[in-house]
Amino acid sequence: MKEKGWKEIPIGGIILEAGNAEKYLTGGWRTFRPILDKEKCKNCLLCWIYCPDGCIIVEEEKTKGFYYEHCKGCGICANVCPFDAIKMEEESKYQQEKSKKESE
Amino acid sequence: MMAKTLAKKILALTGDETAAEAMRQINPDVVAAYPITPQTEIVQNYSQFVANGMVKTEMVRVESEHSAMSACIGAAAAGARAMTATCANGLALMWEVLYIAASYRLPIVMAVVNRALSGPINIHCDHSDSMGARDSGWIQLYSENCQEVYDNLIQAVKIGENKNVLLPVMVCFDGFIISHETERVEILEDEEVKNFIGEFKIEHSLLDLKHPVTYGPLDLFDYYFEHKRQQVDAMEKAIPVIKEVGKEYGRLSGRSYELVEKFNMENADMVIVALGSTAGTIKATIEELKENGIENVGLLKIRAFRPFPYEDIQNNLKDKACIAVMDRSASFGALGGPVFLEVRSALYELNKRPLVINYIYGLGGRETSVEHIKKVVEGLNKIRKSKKVENLVNYLGVRE
């Protein structure tokens, strides 16, 4: 997204477009990444209720995973899960794997 | 013409009563305020207007000045015309939110009754409160007397709400010297004020559910700088707006206003630069000197300190021999007082620069009389003859 100059943006730091936080990707803030164990998950959706960023992917009332572009890795989902179906893993491991794949 | 002059409403009011009267005629949607000496009578009188049903204002009795300004910000963002008043430590407690009001571009108007900041605690006049807030992004108008308190408050609404400006405005006046002194004040008709200021229509209201807007989101290294650049631009755009509103107000009231006021400047080669009530003392001194045949002393009164009228300062002082700048606040560790620093800096661009000295005076309400101003004139005379500034910063009326 090209950043705009001071004459092109609304004054007062206001945001005129409702819900545009979706465009602001915050996944890079993450130190720990939630990983779902689908065997253990009972689809109770407690994680979906508690997630402060709306990052739990739910399809047909079933937990499918996480929106990693926005998940900040707070770990609330793992903490509230009654079935120990979400574990937090170090993000750096995934980033290393990602850069390894990219360089291949 | 004669009939209009006769019909003029003239009242005997203190500065605080004048401010309350101007606010009554402005009739803002919201006033959120907390009382503090010597501003208390503004809030007290205004509360009576509210209690008597004379205004439509929602009066918010808050628990602190921080809350007063915060409530004004919320109200203004919703589209209300919001006003408040404070002084000294009250202004200091508002500090954080002053910047927020300015950066959200909300044209709140606030009467600031100038009082010394603690400590040691002092309730009397100096400009340490509003001078400290000079970089907060607020327009600052300084008033010489009760009439100017009235005129500035009414104009402040129109200046701040101008769509090219959209900045909050402080109308400053000296604690006790103006706030508690009774003077003759000419008052406009309620209808005239109402028509002059018009209605406040905010472009993006927090309460407009059809067009939702977010005020105050996080603004990091990607856009914060651009928003600050916009504020600088708004201050620059306020300069012609203040002049235009001053002219328009002149057509209505017979009293027009500029960024600065000149007094005996055409005859002067020595000029005193001042703001606030001391400008009146300087005028009286100049009149007395003229009666004694000394005609070469002038006054350049700064009405708008923010935006700073650098062009007017240059144009009016470029041909003068020497300048004394009066500061009713100290800027500890700086070269001199805040007015001095900016006036002297504005003159730096001139090919031929006048000699400039600084007088810090009247701190904590210390009496500043005609006799004191005569000492300033003596100092100027010395510089004019020797063409040298020996003491750049002088302390007028302090005991050695």
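Tell me, yes or no, whether segment B:236-249 has at least one residue that is part of a loop (DSSP other than H, G, I, E, B) and within 28 Å of residue B:97 (Cα to Cα). No - not one qualifying residue is present in segment B:236-249. Residue B:348 passes all but one of (1) farther than 20 Å from residue B:297 by Cβ; (2) crowded, with 20+ Cβ neighbours inside 10 Å; which number fails? Unmet condition: (2).
So is residue B:36 within 30 Å of residue B:327 (Cβ to Cβ), in the same structural domain as residue B:153 (by TED's automatic domain parsing), among the hydrophobic types (A, V, I, L, M, F, W, C) and assigned to a loop (DSSP other than H, G, I, E, B) or not? Against the criterion (within 30 Å of residue B:327 (Cβ to Cβ), in the same structural domain as residue B:153 (by TED's automatic domain parsing), among the hydrophobic types (A, V, I, L, M, F, W, C) and assigned to a loop (DSSP other than H, G, I, E, B)), residue B:36 qualifies.
The helices (runs of 4 or more DSSP H) found entirely in chain A that carry 1 or more residues being more than 27 Å from residue B:214 (Cβ to Cβ) and at pLDDT below 95 are A:91-103.
Among the numbered conditions (1) more than 13 Å from chain A (Cβ to nearest Cβ); (2) under 23 Å from the mean Cα position of the chain (by Cα); (3) within 22 Å of residue B:252 (Cα to Cα); (4) not β-branched (Val, Ile, Thr), the only one that residue B:179 does not meet is (3).
For segment B:237-251, the tally of residues that are within 14 Å of chain A (Cβ to nearest Cβ) and of a type in the set (Lys, Arg) stands at 1.
Whether a residue is in contact with a Cys (Cβ under 8 Å, 6 or more places away or on another chain), closer than 25 Å to residue B:173 by Cα and of a type outside the set (Gly, Ala, Ser) was assessed, and residue B:384 does not pass this test. So how many residues does segment B:185-216 have that are closer than 18 Å to residue B:80 by Cβ, of a type in the set (Asp, Glu) and away from every other protein chain (no Cβ under 14 Å)? So the answer is 1.
Taking the stated definitions as given, is residue A:43 polar (S, T, N, Q) and either more than 11 Å from chain B (Cβ to nearest Cβ) or touching a strand residue (DSSP E or B) at 6+ places or on another chain (Cβ under 8 Å) (or both)? Against the criterion (polar (S, T, N, Q) and either more than 11 Å from chain B (Cβ to nearest Cβ) or touching a strand residue (DSSP E or B) at 6+ places or on another chain (Cβ under 8 Å) (or both)), residue A:43 qualifies. May I ask you to verify whether residue B:348 is under 17 Å from the mean Cα position of the chain (by Cα) and more than 24 Å from residue B:287 (Cα to Cα)? Answer is no for this residue. Entry remark, segment B:320-337: residues being in contact (Cβ under 8 Å) with a residue 24 or more places away in the chain and more than 18 Å from the chain's Cα centre (by Cα) number 8 in total. Considering B:234, B:284, the condition of being under 30 Å from residue B:311 (Cα atoms) and within 14 Å of another protein chain (Cβ to nearest Cβ) is satisfied by B:234 alone.
Would you call residue B:119 surrounded by fewer than 24 Cβ atoms within 10 Å (Cβ to Cβ), more than 30 Å from residue B:247 (Cβ to Cβ), under 14 Å from the mean Cα position of the chain (by Cα) and more than 14 Å from chain A (Cβ to nearest Cβ)? Against the criterion (surrounded by fewer than 24 Cβ atoms within 10 Å (Cβ to Cβ), more than 30 Å from residue B:247 (Cβ to Cβ), under 14 Å from the mean Cα position of the chain (by Cα) and more than 14 Å from chain A (Cβ to nearest Cβ)), residue B:119 does not qualify. Just for segment A:17-39: of the residues that are surrounded by 13 or more Cβ atoms within 10 Å (Cβ to Cβ) and either more than 14 Å from every other protein chain (Cβ to nearest Cβ) or without any contact (Cβ under 8 Å) to a residue 40 or more places away in the chain (or both), which one is nearest to residue B:217 (Cα to Cα)? The qualifying residue nearest to residue B:217 (Cα to Cα) is A:21. Every condition in (1) among the hydrophobic types (A, V, I, L, M, F, W, C); (2) surrounded by fewer than 18 Cβ atoms within 10 Å (Cβ to Cβ); (3) closer than 30 Å to residue B:88 by Cα is met by residue B:326 except one, and the failing one is (2). Within this structure, residue B:84 passes the test of being closer than 26 Å to residue B:132 by Cα, assigned by TED's automatic domain parsing to the domain that holds residue B:109 and either in contact with a Cys (Cβ under 8 Å, 6 or more places away or on another chain) or of a type in the set (Gly, Ala, Ser) (or both).
Scanning segment B:184-212 for residues that are in contact with a strand residue (DSSP E or B) (Cβ under 7 Å, 6 or more places away or on another chain) and surrounded by 16 or more Cβ atoms within 10 Å (Cβ to Cβ) yields a total of 2.
Would you confirm, using the coordinates I've provided, whether residue B:179 is in a loop (DSSP other than H, G, I, E, B), closer than 21 Å to residue B:29 by Cα and hydroxyl-bearing (Ser, Thr, Tyr)? Judged against the criteria, residue B:179 is not a match. Of everything in segment B:68-109 that is out of contact with any Ser or Thr (no Cβ under 8 Å at 6 or more places or on another chain) and of a type in the set (Ser, Thr, Tyr), the residue that is farthest from the other protein chains (Cβ to nearest Cβ) is B:86.
The values are calculated or read from the model by the stated rules, or taken from the named source; none is laboratory data. All values derive from a computational prediction rather than experimental measurement. Counting neighbours? That spans all protein chains shown, and the Cβs are built from the backbone with ideal geometry, glycine included.
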